[in-house]
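Only one structure is covered here, and it is reproduced in the block below.
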Amino acid sequence: MDGLIEIFLFCGVICYFFNLRPNKMVDVLSTRLQEVYAKWETRTEMTRNAEPTTTRFSLDGLRRAGQQFHRRKIQDREQSRKVRESSLYSIKETEPLAPLIKHRASFLHYCCRTCTPASRDTLVKSVLKQQQQQQPYGINILLVPPGSTLFSRVFNYVSCVLSFKRYDYPMVTGTVLNDEKLKDAIKLTAWETANNEGCSEEKALAKAKARARNILLQMESRCSDTLLKIVSWLVYKLLPCFLQSAVMLPTQIELLKQADDTGLPLVLLPLHRSHLDYIMISFLMVANNIRNPLIAAGDNLRIPFFGWLLRGLGAFFIKRRIDPESGRKDLLYRATLQTYIMESLRAGHNMEFFVEGGRTRTGKPCMPKSGILSVIVDAYMDGTIEDAFLIPIAINYERLVDGNFVREQLGQPKKMETFTSTIKAMWSTLMGRYGIVKIDFCQPFSLREMVKTFQAQQNKLALRNPSERPLKYTMSNSSLYGTDVIVEEQRQLVDSIARHVVYDSSKSMPIMSTNVVAFLLLNKFRDGCTLDKLVETFDSMRQELEFADNNVAFCGESVDIIKHALDILGPGLVTQQRQEITEAVNGDQSYKSNVVIAIRPVSILPNVIELSYYSNTMLLYYVMDSIVVTALYAELQSQLNNPIAIAENNITVLQNSLLERALKLCDILRYEFIFCRPCQELRDIVIETIQNLSHKGIITQKEQVYLEDELWSKRYARNFDDSSDEEYSREREIQKIEYKLSLKPEHSSRMEFLHTMLRPLIDTYTCSAFNLRKLVDRSLSERELTQEVLSEIKTKVDGGVVSYGESLCVDPIKNSFRLFEKWNVLECHMQDNVKILYLKEDCDTAAATKNVYDTIAPFKWVRNMD
Ligand SMILES: O=P(O)(O)OC[C@H](O)CO
């Protein structure tokens, strides 16, 4: 009924503002009423036919859906390859908009904004038809097809928004405050307060109750269906002002709907790049008639008006750091948060949170934080939910609407969000051009299945090695206070899931045109190149990425894509200059002048830090190759420095030494990358990478030579084979395998490219290790030590000792401190909310800090290419 009232009111307002004649309005109204009636009838019919119990989730069904999704994804990609050559180009070249259309369907929105209404209609229809047939690179979700009724034609977006499914978003305040576990936590806190402050128990209890209530009121979401619809309309209207398109594969929407139909909670886990992430995801959900999730947002976003708005769109606010209350853990806060999440899940809400915590500052995914995930896992263990679908999501932007993180990476503290800064940021965003956004939903996976697999794996491990305890899951009654009390085994499980999610979503991160261009410019053409050369290299990288089935988010002619990317990156990051080149022809007898476009990355500070943000996304796809090549350089230092060995073309390396080096480097960069899924063996991945390099001819396997007794033992092992012997012989074989380095120029240049991409990080780690000596016999705050490392890197960059300006970056410096803590070299404690770092007692010497430096420094070695 309230739907009808809304429509009447809305029509009245429209009539008033647009001075529409009442008879026209009657037409519009009657159509709308018919629609509403039809919907109401269908709903009533559905309710009548509904089964008395909730639909149970069928795993087989989902598996089938998953397989179908994969098949369709592969088909989509296959088709897209063909489409590039044929059908998208079938639009007549004479059509004035053809050059624009033929790039890709997602450029559609751009076309629509630049052409006349008449041609726009034709264009929209033709491209939408093509999208329906092919949908190779996804559809632009900001676009609404023209409606059939007068009303939906005149008010296309309003009518679309009004057609979205209506949901109730129940509040859980009462249930949370009446929860027995929370009551216990209140009593415990009151008891502690009474003991510590010496007040009466009643007073302490009242105080604790009031505080729990206050925490909940500050935290909880007030999601409103109406507000979601208004904001969806705004998204339709405003986003196209600064975005060309927001692209998504329809097959993924289908899968999402199927997962939603099971009635189980959906837990959306996006990688966090921008504040636009949660707006895009909510918009997508609402526009596809899926229940909007409750979104865990940092309390830094609880700012006047926008805080209220976000709350209405589903945000619930959590502290970024659960601060110790007067030196102790804030148990009450944790209990309230945990109960709120549990009760929201029980009430049927979907959830969304950013497993990385904040937005990535470097362009690479951050290491996951398992806080909220542990509550979800706990809710499953507890039986609060029978299962949940975890959905990793990757969103990528051609240009980040949030600006850049250069200030923070240079050591300045983050500017906190305020009402004025948000308004300013929104204004400048509306005035800018940010290209395309692509959203990729990974295949949902069942939490229950994940837990089962993990348990089975742990039990297998325990069988193999009885000293390792198998996992036992305790009911989470003990886990009243969220992340702190979870048993160690469960922590391991939560960590594995979190790493799995980050790994999966980063693997399906859409690769934008700006990523590839920035990556090539920084790692291959740092001194600049011609447009033709860039196009050639771009083409071959594109083929490589497509061949490896990576999520390439662009199509069309490479030259157009590059020009578009350069335009989006802008002259602050990449310069373009017309240059005249004179070439000798006819054996130096005459000369020919050519005008070429020279493209150069702006590799000076601070611009290069921003450019490296875009380039870093590509690191994920090359990191293992780069690790092995860097390890190879470190291993072959002396041979590569030896002109005789080079002249004899006999530079060799044992697979085992290479493997160990590579594993050491993986250990050094453990907080920079997730190298494989938690269920995979890193060792196997490194061996596979070595073999891949060998297939590409960069290294070639030498023939194995066995001594007589070794051959005999091999034969013996074959006769009396059991699994341990098998493992032993595999080990022996790995040790025996020897590779010869190819010195061919094309291979050397490929190696150099792979080596260059990790150099900035290794330089940062080396400088950080070098600065550990400043902690001998004293302590420094994390901020002070970071500043010391930054100023040293700055001096070295200025002096040319460090070649890459992007080494000047706070995040890897902080990660290196975490590494040194992991290596038991550093220790830290919190003092007045400041992290104080100092060397561990047995490492508090210059020699010990030099050892750390010596472990990292070999990877810094540079090959002389002359
Ligand atoms: O990237 P941050 O640290 O500014 O945090 C952004 C989050 O969306 C806050 O909830």
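The values are calculated or read from the model by the stated rules, or taken from the named source; none is laboratory data. All of these numbers come straight from a predicted model, not from anything done at the bench. Glycine also receives a Cβ, built like all others from the backbone with ideal geometry; neighbour counts cover every protein chain displayed. Each accessible area value is taken on the protein alone, full model and side chains, heavy atoms only, with ligands, DNA and RNA left out. Shrake-Rupley method; radii C 1.70, N 1.55, O 1.52, S 1.80 Å.
Observations on the structure shown:
- Put simply, of Leu182, Leu123 the only residue that is at pLDDT 80 or above and outside the structural domain of Phe242 (by the TED database) is Leu182.
- Within the stretch 253-274, considering residues that are surrounded by fewer than 21 Cβ atoms within 10 Å (Cβ to Cβ) and at pLDDT 95 or above, the one nearest to the ligand (Cβ to nearest atom): His272
A quick yes/no check of all residues on (1) in contact with a strand residue (DSSP E or B) (Cβ under 8 Å, 6 or more places away or on another chain); (2) open to solvent by 20 Å² or more (accessible area, probe 1.4 Å); (3) more than 26 Å from Asp504 (Cβ to Cβ):
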position: Glu386; (1), (2), (3): no, yes, no
position: Ile395; (1), (2), (3): yes, no, no
position: Val406; (1), (2), (3): no, no, yes
position: Phe419; (1), (2), (3): no, yes, yes
position: Ser428; (1), (2), (3): no, yes, yes
position: Met431; (1), (2), (3): no, yes, yes
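Yes/no matrix, rows are residues, columns are (1) at pLDDT below 80; (2) assigned by the TED database to the domain that holds Gly263:
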| site | (1), (2) |
| --- | --- |
| Pro470 | yes, no |
| Thr483 | yes, yes |
| Gln490 | no, yes |
| Val517 | no, no |
| Gly528 | no, no |
| Glu536 | no, no |
| Ser540 | no, no |
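- Breaking point among (1) closer than 28 Å to Ile604 by Cα; (2) crowded, with 21+ Cβ neighbours inside 10 Å; (3) polar (S, T, N, Q), for Ser374: (1)
- Residues satisfying the stated conditions in the stretch 390-428, i.e. among the hydroxyl-bearing types (Ser, Thr, Tyr) and more than 14 Å from the ligand (Cβ to nearest atom): Tyr397, Thr420, Ser428
- Within the stretch 348-358, being modelled with pLDDT of 95 or more and away from the ligand (no atom under 16 Å from the Cβ) holds for His349, Asn350.
- Qualifying residues in the stretch 283-301 (those that are part of a helix (DSSP H, G or I) and away from the ligand (no atom under 13 Å from the Cβ)) - the one surrounded by the fewest Cβ atoms within 10 Å (Cβ to Cβ): Ala287
- Cβ pairs under 8 Å, 6+ apart, first in the stretch 257-284 and over 18 Å from Val377 (Cβ atoms) and basic (Lys, Arg), second open to solvent by 20 Å² or more (accessible area, probe 1.4 Å) and more than 13 Å from the ligand (Cβ to nearest atom): Lys257/Asn288; Lys257/Asn289
- Annotation note: of Thr575, Thr617, the sole residue that is under 20 Å from Glu408 (Cβ atoms) and either of a type in the set (Ser, Thr, Tyr) or in contact with a strand residue (DSSP E or B) (Cβ under 8 Å, 6 or more places away or on another chain) (or both) is Thr617.
- Filter result for Gly435 (within 13 Å of the ligand (Cβ to nearest atom), closer than 30 Å to Leu142 by Cβ and not polar (S, T, N, Q)): no
- Just one residue in the set Ser159, Ser245, Ser152, Ser232 is in contact with a Gly (Cβ under 8 Å, 6 or more places away or on another chain), among the polar types (S, T, N, Q) and crowded, with 17+ Cβ neighbours inside 10 Å; that residue is Ser159.
- Test result for Arg361, away from the ligand (no atom under 14 Å from the Cβ) and in contact (Cβ under 8 Å) with a residue 12 or more places away in the chain: no
- Filtering Leu663, Leu693, Leu754 for residues that are modelled with pLDDT of 65 or more, within 26 Å of Arg499 (Cβ to Cβ), in contact with a Ser or Thr (Cβ under 6 Å, 6 or more places away or on another chain) and part of a helix (DSSP H, G or I) leaves a single hit, Leu754.
- Residue list for the stretch 538-552, filter: part of a helix (DSSP H, G or I) and among the polar types (S, T, N, Q): Ser540, Gln543
- Residue list for the stretch 844-865, restricted to those being over 19 Å from Glu827 (Cβ atoms), part of a loop (DSSP other than H, G, I, E, B) and β-branched (Val, Ile, Thr): Val862
- If the condition is being open to solvent by less than 60 Å² (accessible area, probe 1.4 Å), part of a loop (DSSP other than H, G, I, E, B) and not aromatic (Phe, Trp, Tyr), then the stretch 797-827 contributes Gly800, Val802, Leu808, Cys809, Val825.
- Taking the criterion of being over 14 Å from Ile372 (Cα atoms), at pLDDT below 95 and not in a loop (DSSP other than H, G, I, E, B), the residues of the stretch 302-343 that qualify are Glu325, Arg328, Leu331, Leu332.
- Check on Leu772, surrounded by 22 or more Cβ atoms within 10 Å (Cβ to Cβ) and among the aliphatic types (A, V, I, L, M): yes
- Any hit, the stretch 327-342, residues being touching a residue at least 12 places away in the same chain (Cβ under 8 Å), closer than 27 Å to Asp440 by Cα and more than 11 Å from the ligand (Cβ to nearest atom): yes
- The set of residues in the stretch 417-442 being aliphatic (A, V, I, L, M) and under 30 Å from Gln258 (Cβ atoms) consists of Ile436, Val437, Ile439.
- Check on Lys452, in the same structural domain as Asn300 (by the TED database), surrounded by fewer than 16 Cβ atoms within 10 Å (Cβ to Cβ) and modelled with pLDDT of 75 or more: yes
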